[in-house]
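Reading through the structure tokens given below for one structure.
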Amino acid sequence: MKINPDCIRDILLEVEKHSSFHSFYEYAPRSLPSDSYLAKYDIDTVLYHIRQCDLCGYLFNTNWQVFEYVGIEDLTPEGHEFLADIRDDSIWKKALAKG
């Protein structure tokens, strides 16, 4: 599968939005809210890109329960740093244009 940079960014934004010291993010495709950053992607695409984020060290404590959900405790410091660098939409669009 080809990497979709927008999906990577949306995963990081979604995890950041829902995780805290007392809660974690759960990607459950069967019960995904319509306002989720990930609602526009098919299940295989999201799962592939979650795995890529995990392999890059952007996600902390990823728990795979394939066909049910993927639990992600939080972003790692590297994940927070990368997201901070790409958060701004204008910076993100410029980065994509160069890529």
### Task
Have a look at 50, 72, 43, 86 and point out the one that is of a type in the set (A, V, I, L, M), more than 18 Å from residue 26 (Cβ to Cβ) and surrounded by 11 or more Cβ atoms within 10 Å (Cβ to Cβ).
86
### the stretch 8-60: number of residues that are among the hydrophobic types (A, V, I, L, M, F, W, C) and more than 11 Å from the chain's Cα centre (by Cα)
9
### Query
Quick one: how many residues across the stretch 23-38 are modelled with pLDDT of 90 or more, open to solvent by 50 Å² or more (accessible area, probe 1.4 Å) and of a type outside the set (Ser, Thr, Tyr)?
2
#### Entry: Given (1) touching a residue at least 40 places away in the same chain (Cβ under 8 Å); (2) over 18 Å from residue 80 (Cβ atoms), number of the condition residue 5 does not satisfy
(2)
### Task
From the list 44, 54, pick out the single residue that is in a helix (DSSP H, G or I) and at pLDDT below 95.
44
### Query
What are the residues in the stretch 57-79 that are free of Cβ contacts under 8 Å to residues at least 24 places away in the same chain and part of a helix (DSSP H, G or I), if any?
77, 78
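The values are calculated or read from the model by the stated rules, or taken from the named source; none is laboratory data. Source: prediction; values computed, not measured. Positions of Cβ are backbone-derived with ideal geometry, glycine not excepted, and every protein chain shown enters the neighbour counts. Ligands, DNA and RNA are excluded from the accessible area calculation, which covers all protein heavy atoms including side chains. Shrake-Rupley method; radii C 1.70, N 1.55, O 1.52, S 1.80 Å.
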